[in-house]
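The values are calculated or read from the model by the stated rules, or taken from the named source; none is laboratory data. As the structure is a prediction and not an experimental result, all values here were calculated from the model. Cβ placement follows ideal geometry from the backbone for every residue including glycine, while neighbour counts extend to all protein chains displayed.
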Amino acid sequence: MTYRPSPHRPRARLAGALLAGVLCAAGLAAPALAAPAAPGKPAAPPGDGLALTPPMGFNNWNSTHCRAEFDAAMVKGVADLIVDKGLKDAGYEYVNLDDCWALPRRDADGRLVPDPARFPDGIGALADYVHAKGLKLGIYTSAGTKTCNDAGFPGALGHEYGDARQFADWGVDYLKYDNCHNEGVDAVRRYTTMRDALAATGRPIVYSICEWGENEPWKWAEDVGHLWRTTGDISDDWGSMLSILKQNLPLDRHAGPGHWNDPDMLEVGNGGMTGTEYRTHFSMWAVMAAPLLIGTDLRTATPETFEILGNREVVAVDQDPLGRQGRVVSSEGGRWVVAKEMRDGSRAVALFNESDAPQRITTDAGAVGLPKAGGYTVRDLWQHRTTHTAGGLSATVPAHGTVLLRVAAGSGWAQYPPAVALGLEGSALVEAGAPATLTTTVTDLGNTAARQVSVTLDGPAGWRIRATGASVTPALPAGRTLRTAWTLTPPRSTPTGPYDLTVRVRYGPPGARAETVLALTASVVTAPPPGTSELGSLPWLSAANGWGPVERDTSNGESAAGDGNPLTIGGVVYRTGLGVHAESRVAYYTGGACEKVTALVGLDDEKGDAGTVAFHLWADDREVASTGVLTNAMPAQRLTADVTGAEVVRLVVTDGGDGIDSDHADWAEARLTC
C-alpha cells in the first residue's frame, strides 16, 4: 500500500509519505518498570484544562467514509445511542464529523459552507442537538489548501482564523486537523497557527493534530495540541492494528494529562476482526491511554460491540487521572506484558498474545512496578472477577487475545479466593477422525489452597472428548499444579476450519464457587499433498497483513481483495506466489510431513523505489531462514529453508526499520516440498 497517513488521503498523493519515529518489528523488549519520578502525581497539564484524560467519543470516518449515509440523521442517531446505551455515562463525550461535511467551494465571503444535502439545518443546529444530549460536537478540516478526500473540500491553510471563528460560532468543541495539500509549509508552523486561531476565539476547543507522526509531533506538539497522531491510518484488520500498536507503545513518556499519543480511532465493531481481536484492540488502547473514538455506526452495532465499548472497568484504565501511558515490561516470543501505573497505586497489566496460537504469559507484581506485599488483589477486567495472588501473574491467553488485570498490593487480598492459572500443552491442530492429545494445567497462584477443584474441556457437538487423567481434586495447595490429559477426536466428516473449545476450572465451596474460563480455537486441518506444491494454491491456517488482505498470485495492491497486479520484482514478472504488506504473517499446516520451503522474495515494483522489508521463514518456534533488509533497488533474492518435522511453517515479512509505508512484498514462486 501507500500507507494512508490520513483516514482518507488519496493514494496517488502518498508515495512520498514517511512514517517517522520509533517502530517495533516482531517484538519489543524492555526492562521491568521503574518507579516514576513523582509516583501518584499527574504531570502538569496545559493551562487550558482541556483533555485532562484522553478524549472519548465517536467519529464517523471508519464506518462511513464519504458515503451518503454520513448526514445529520446519522449523527443524531449516534448521539441518541451514546446516551441511551449508557456510553455517555461510561465517559464518551464527543460526536465528531470527519471529512465531506462541507461543499467543495467556499462562499463569496470565503466562508465554509456545510453541505445542504447532508446537513440541511447547518452545523450550528446539529451542535445544539448534540449539546442538548449533554454531549459535545467535533469537526474536521486539513492544514492544507484542501482536505484529504479525493473531491478536495476546502482546507484551512491561509484561512485559519476565519475557519476557527466559524467553528466557535457554530458551537464546535473539538477539531481534528489533517495534513493534506499542505504546500510544503512547515508542520510546526501550520499546526501552531491553528492553535493560535482557536485560542483567539475564546471558546474551549480540543485540538487534535492529525499529521500521522511524520514530523515526530510527540517531540514538539505538547504545547500546540491536546493529542497528536503517532501513526498512519488504522484499517479494520489484525495486521494494521498490530503494526500501529507497536509503533505507539514506545512513546509512553510523551503522554500525560492534556497531551496524548493518538494511535488512531477504534475499529471495534466494523467486522474485519474477531471479538477476541477487538477486545485486544480496546484493551491495548486503554492501557496506552489512547483517545477512545468509536469508529463503528452504533445504529447497526451488535450487543458484543456495545459490551466491548461499554466495559467501564476497561474505560477506567484509559481514563485514570494520573495520565500514565502503559510501558512494555517484556515481549519475548510475542508474549507481551504492558503495565500502566494508576493513581491509586495499583497497576493495570495487559497480558497480550501476539501469536497465532495460545500462549502462557507470566510476570509478577514486582516486575510491573508494585511494592513487596504479603498478597495482592487481582481483578480480571473482562471476566469481572476478583482473586488474590502471592505475587505471580499468569494466564494462558488465546491467539491474538489479551487478559487485562488490575493488580493492587494491600491487606484486603485475603477475602478473595486464590487466582489459578490455566495452562495448555499440545497442539490445537487436529485432523478429522484422528485423536489428538491436549494437557491442561491448573496452578494455584495464591497464598491459600484452592478447594474442590474441577476441570472440564468442552467442544463442538459430535466431538469425542475424554479426560485420561485426574480432572478433580479436593484441594490444590498454594503453588501446586493439577495436570489433566485429554484426547479429542473430531468426526471424520468434519470440514476444515476453526472450532471453539472451552476449558473451565471451578473451585471453592458450594455457594461461593469461583470460575476461570479459557476460550480456545481448535483448527481441523488436512496435511499438504506429497511432492512440491505452490504455496499460493494451498490453504493457510492464518494470514495477517499490514494493509488489505494477503493476495494469491498477485501483488498486495491496495486495501480491497483482488486488487493486486502481477507479481513483479526488479522488472521480472512471476506467475505464482503471495503478495503481502509488512507487517505480514502467513501460516501453513505441514503436519511434520514436509522438508523444504523455497521462494524468490523482494519488494514489488508497484511502489517504485519506495519501501524496505525483511523476509523470515519459521518452522514452529524456530526461525530457519531470513534475508536481512531488502530495498526496491534489489532484484529477487532466493530464500530456502529446511522445515523437516515442523507442524506449522510461517512466512513473515517485517518492515525495514523505517516504518511500513509502501512495504509491498512478494513471495514469488513460493513452494513447499513434502
Report summary line: The one condition V573 fails out of (1) free of Cβ contacts under 8 Å to residues at least 60 places away in the same chain; (2) in contact with a helix residue (DSSP H, G or I) (Cβ under 8 Å, 6 or more places away or on another chain) is (2)
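Here is a yes/no grid of residues against (1) out of contact with any helix residue (DSSP H, G or I) (no Cβ under 6 Å at 6 or more places or on another chain); (2) closer than 28 Å to S427 by Cβ; (3) not polar (S, T, N, Q):
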{"residue": "H581", "(1), (2), (3)": "yes, no, yes"}
{"residue": "G592", "(1), (2), (3)": "yes, yes, yes"}
{"residue": "E595", "(1), (2), (3)": "yes, yes, yes"}
{"residue": "S626", "(1), (2), (3)": "yes, yes, no"}
{"residue": "V643", "(1), (2), (3)": "yes, yes, yes"}
{"residue": "V648", "(1), (2), (3)": "yes, yes, yes"}
{"residue": "D666", "(1), (2), (3)": "yes, no, yes"}
Requested in this report: Kindly indicate whether any position in region 2-12 is modelled with pLDDT under 95, surrounded by fewer than 23 Cβ atoms within 10 Å (Cβ to Cβ) and among the small types (G, A, S).
Outcome: yes
Report task. Select from region 635-644 the residues that are part of a loop (DSSP other than H, G, I, E, B) and touching a strand residue (DSSP E or B) at 6+ places or on another chain (Cβ under 6 Å) and list them in ascending order. Result -> A636, V643
Query raised in the report: Scanning region 392-423 for residues that are in contact (Cβ under 8 Å) with a residue 40 or more places away in the chain and either part of a loop (DSSP other than H, G, I, E, B) or on the phi > 0 side of the Ramachandran plot (or both), which turns out surrounded by the most Cβ atoms within 10 Å (Cβ to Cβ)?
Result: A419
**Report entry** Filter result (buried (at least 18 other Cβ atoms within 10 Å of the Cβ) and on the phi < 0 side of the Ramachandran plot) within region 198-219
**Finding:** L198, I205, V206, Y207, S208, I209, C210, E211, E214, N215, P217, W218
Requested in this report: Please tell me if P217 is over 22 Å from A164 (Cα atoms) and either in the same structural domain as V586 (by TED's automatic domain parsing) or at pLDDT 95 or above (or both).
Outcome: no
Query raised in the report: Within region 102-133, can you find the residues that are closer than 23 Å to E160 by Cα and β-branched (V, I, T)?
Result: V113, I123
Query raised in the report: When region 645-654 is examined, which residues are found to be assigned to a strand (DSSP E or B) and either touching a Gly at 6+ places or on another chain (Cβ under 9 Å) or at pLDDT 95 or above (or both)?
Result: V648, V649, R650, L651, V652, V653
**Report entry** In region 595-624, the residues that are over 28 Å from the mean Cα position of the chain (by Cα) and among the small types (G, A, S)
**Finding:** A599, G608
**Report entry** Exclusive hit being touching a Leu at 6+ places or on another chain (Cβ under 7 Å), in contact (Cβ under 8 Å) with a residue 40 or more places away in the chain and more than 17 Å from R111 (Cα to Cα), set D150, D173, D163
**Finding:** D173
Query raised in the report: Of the residues A470, A512, A461, A450, which is under 30 Å from S542 (Cα atoms) and not assigned by TED's automatic domain parsing to the domain that holds R379?
Result: A461
Requested in this report: Inspect all residues belonging to region 559-567 and state whether any of them is touching a residue at least 60 places away in the same chain (Cβ under 8 Å) and touching a strand residue (DSSP E or B) at 6+ places or on another chain (Cβ under 8 Å).
Outcome: yes
Query raised in the report: Scanning for something of a type in the set (D, E, K, R), assigned to a loop (DSSP other than H, G, I, E, B), in contact with a strand residue (DSSP E or B) (Cβ under 7 Å, 6 or more places away or on another chain) and closer than 18 Å to W336 by Cα, does region 366-385 turn up at least one residue?
Result: no
Report task. Working only within region 493-512, note down all residues that are among the polar types (S, T, N, Q) and in contact with an Asp or Glu (Cβ under 8 Å, 6 or more places away or on another chain). Result -> T502
Requested in this report: Run down L429, L381 and say which single residue is of a type outside the set (G, A, S), under 30 Å from P495 (Cβ atoms) and either surrounded by fewer than 17 Cβ atoms within 10 Å (Cβ to Cβ) or touching a residue at least 40 places away in the same chain (Cβ under 8 Å) (or both).
Outcome: L429
**Report entry** Candidate set from region 122-152 (those that are closer than 22 Å to D84 by Cβ and not aliphatic (A, V, I, L, M)); member that is surrounded by the most Cβ atoms within 10 Å (Cβ to Cβ)
**Finding:** G138
Query raised in the report: Tell me, which helices (runs of 4 or more DSSP H) wholly within region 259-332 include 2 or more residues that are of a type in the set (A, V, I, L, M, F, W, C), in the same structural domain as W382 (by TED's automatic domain parsing) and surrounded by fewer than 22 Cβ atoms within 10 Å (Cβ to Cβ)?
Result: none
**Report entry** Output for region 625-644, where each listed residue is over 31 Å from the mean Cα position of the chain (by Cα) and modelled with pLDDT under 95
**Finding:** A633
Query raised in the report: Does region 544-555 include one or more residues that are among the charged types (D, E, K, R) and in contact with a Lys or Arg (Cβ under 8 Å, 6 or more places away or on another chain)?
Result: yes
Requested in this report: For region 511-522, state whether one or more residues are in contact with a Phe, Trp or Tyr (Cβ under 8 Å, 6 or more places away or on another chain), of a type in the set (V, I, T) and in contact (Cβ under 8 Å) with a residue 60 or more places away in the chain.
Outcome: yes
Report task. Would you check which residues across region 150-188 are out of contact with any Cys (no Cβ under 9 Å at 6 or more places or on another chain), modelled with pLDDT of 95 or more and charged (D, E, K, R) and list them? Result -> E160, D163, R165, D169, D173, D186
Requested in this report: For T363, state whether it is out of contact with any Lys or Arg (no Cβ under 8 Å at 6 or more places or on another chain), modelled with pLDDT of 95 or more, among the β-branched types (V, I, T) and part of a strand (DSSP E or B).
Outcome: yes
Requested in this report: Write out, first by first residue and then by second, each pair whose Cβ atoms fall under 7 Å of each other, whose residues are 6+ apart or on separate chains, and whose first residue, in region 228-244, is within 11 Å of N545 (Cα to Cα) while the second is among the β-branched types (V, I, T) and surrounded by 24 or more Cβ atoms within 10 Å (Cβ to Cβ).
Outcome: S243/I660
